[in-house]
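Structure, as structure tokens:
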Amino acid sequence: MTTPSGFRGFDLVKHGYERGEVDAYLGALAAAPFAGDRPQPPRFRIVRRGYDPGQVDARIAELLGRGEESAAPASGGARLPTPEILGLIASGLGDWRKLGQPLAARYRARDAEAAAVFATAVVRAAAAAGREVPEIRLARGCVDISLYTTAPDGGREVTAADVTLARTLGALAREQGLTALPGEVAQVELALDSADFATAGPFWSALLTGSPGHAVRDSVFHPTDLLPNVWFQQTDPHPLPRQRWHLDLWLAPEVAPARIEAALAAGGTLVDDSQAPAFTVLADPEGNKACVCTALDRA
């Protein structure tokens with residue numbers, strides 16, 4: 001079917017948005033040529049037989065973001081600085097946390113079936129918004145989601161379009177009765193000291209992904225997120241032996257201190273906290289180092 005906005009393909013679902021309200025609003029939104037003339041979304045009624053909420057929300061976000069004054073198209077847009085992302089999290093994007101590259105969220109569902117239903121809705125919402133399918137992981141009644149935009153050079157960054165989709169997915173989760181667990185998000189990144197990324201990067205890219213072309217900026221990214229990222233930490237040339245690998249564990253800022261304390265209590269030592277809360281260097285009893293990282297105090 002076609003709504004007055006000219007958009008085709010809304011799914012009809014149980015307990016979705018009331019169709020007449022949605023059609024009327026999208027018609028008014030599509031007819032408004034300038035951002036100042038566009039009405040904000042009303043609180044749509046939920047009925048037994050209506051439109052899929054995720055698709056509707058994504059279409060609204062697309063229409064609100066169009067025009068000459070739009071900050072970012074649905075396909076991505078410019079990278080958002082980390083302080084701006086943290087401000088958005090503090091002012092209404094509370095389900096999500098900024099990790100190394102992505103925005104990440106974890107939701108708990110009542111059971112595995114509810115988690116799968118939500119994951120399907122996430123895919124549909126991303127498709128309706130013209131976005132790539134997010135990284136989604138299902139595990140024991142939880143749904144983990146990572147959002148990022150792939151830049152033209154292959155780098156990964158968070159854009160306004162990712163934030164818009166994150167808002168849509170948060171609304172979907174609430175409608176479906178899922179519980180946000182932002183303190184449980186995590187990302188493991190392998191870090192390798194390297195004096196020459198241009199030489200070392202293609203080797204590790206070829207070894208880990210099958211192609212040297214996934215060495216981007218200062219990292220190797222698996223194109224389908226099968227493996228953790230490898231980040232190459234710039235160092236001066238140095239003789240061997242010396243520890244060159246370490247783990248970067250990215251956590252939500254509010255849980256990082258407790259995780260550090262737990263590691264210290266288990267026999268670890270504090271090596272360097274001069275850059276905390278951006279990162280704190282710990283060592284295990286044998287001296288092998290790892291960094292606990294957060295998005296705080298970063299550019």
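The values are calculated or read from the model by the stated rules, or taken from the named source; none is laboratory data. All values reported here derive from a predicted model rather than from experimental measurement. Methodologically, a virtual Cβ is constructed for each residue, glycine included, from the backbone with ideal geometry; neighbour enumeration extends over all protein chains shown. Remember, those area values only see protein heavy atoms, side chains included, never the ligands or the DNA or RNA. Shrake-Rupley method; radii C 1.70, N 1.55, O 1.52, S 1.80 Å.
Taking amide H as placed 1.01 Å from N in the peptide plane, Gly16 has its amide H under 5 Å from the amide H of Val47, Arg49, Gly50, each at least 5 places away in sequence or on another chain.
I want to verify a result. In a Gaussian network model of the chain, Cα cutoff 10 Å, which of these has the top mean-square fluctuation: Ala104, Ala206, Ala191? Comparing Ala104, Ala206, Ala191 in the GNM, the peak value goes to Ala206.
Averaged per residue, what accessible area in Å² does the chain show with a 1.4 Å probe, protein chains only? Show your work: numbers first, answer last.
On the way: 15010 Å² over 299 residues.
With all protein chains present, the chain gives 50 Å² per residue.
A cut-off of 5 Å between modelled amide H atoms, ignoring neighbours fewer than 5 places along the same chain, links Cys142 with Ala109. Scalar couplings 3J(HN,Hα) for segment 209-223, obtained by applying the Karplus form with A = 6.51, B = -1.76, C = 1.60 to θ = phi - 60°, are 10, x, 8, x, x, 9, 8, 10, 6, 10, 9, 10, 10, 6, x Hz; x denotes Gly and Pro.
Looking at segment 152-299 alone, DSSP beta bridges between its own residues are antiparallel in about 70 percent of cases.
Counting only protein heavy atoms and a probe of 1.4 Å, the accessible surface of the chain is 56% carbon and sulfur.
Is the C-alpha gyration tensor of segment 144-299 telling us rounded, prolate or oblate? Criteria: a/c under 1.5 is rounded; beyond that, a/b larger than b/c is prolate, otherwise oblate. Mind showing how you got there, number by number?
On the way: a/c = 2.24, a/b = 1.18, b/c = 1.91.
Here segment 144-299 falls in the oblate category.
Put a dot 7 Å past the Cα of Gln275, heading toward its Cβ, do the same for Ala90, and the two dots end up 2.3 nm apart.
Using 0.36 nm per residue, how much length does the chain from Ala28 to Lys14 gain when fully extended, once their Cα-Cα distance is taken away? Intermediate values should be presented prior to the final figure.
Details: separation 14, 0.36 × 14 = 5.04 nm, distance 2.52 nm.
Difference between extended and current length: 2.5 nm.
Think of the chain as a dipole: +1 on every Lys or Arg Cβ, -1 on every Asp or Glu Cβ, centred on the Cα centre; then among His238, Pro182, Ser219, Pro182 lies furthest on the positive end. Under a Gaussian network description of the chain, with springs only between Cα atoms under 10 Å, the residue in Lys289, Lys14, Lys98 that fluctuates furthest is Lys14. Dividing the summed -39500 (n - 2.57) terms of all DSSP H runs of n ≥ 4 by the residue count of the chain sets its mean residue ellipticity at 222 nm at -9500 deg cm²/dmol. Across Ala265, Ala127, Ala200, mean-square fluctuation computed from a Gaussian network of the chain (C-alpha pairs under 10 Å connected) peaks at Ala265. The candidate values were [x] 1.01; [y] 1.19; [z] 1.13; the one computed from these coordinates for Cα Rg over 2.2 N^0.38 Å carries the label [z].
Close amide-amide hydrogen proximity is noted between Asp272 and Val281, each under 5 Å apart and 5 or more residues distant or on a separate chain (H modeled in the peptide plane; Pro and chain starts excluded).
Rounded to the nearest Hz, the phi-derived 3J(HN,Hα) couplings of segment 246-251 under the Karplus curve 6.51 cos²θ - 1.76 cosθ + 1.60 (θ = phi - 60°) are 8, 8, 9, 9, 8, 9, where x marks glycine and proline.
Figure note: Glu175, Glu286 ranked by solvent-accessible area, largest first, 1.4 Å probe, ligands and nucleic acids not counted: Glu286, Glu175.
I need the calculated FRET efficiency for the pair Arg174 and Thr224, taking r as the beta carbon distance and R₀ as 25 Å, to the nearest 0.05. Walk me through the numbers before you get to the answer.
Values: r = 29 Å, r/R0 = 1.17.
Efficiency, from the Cβ-Cβ distance: 0.30.
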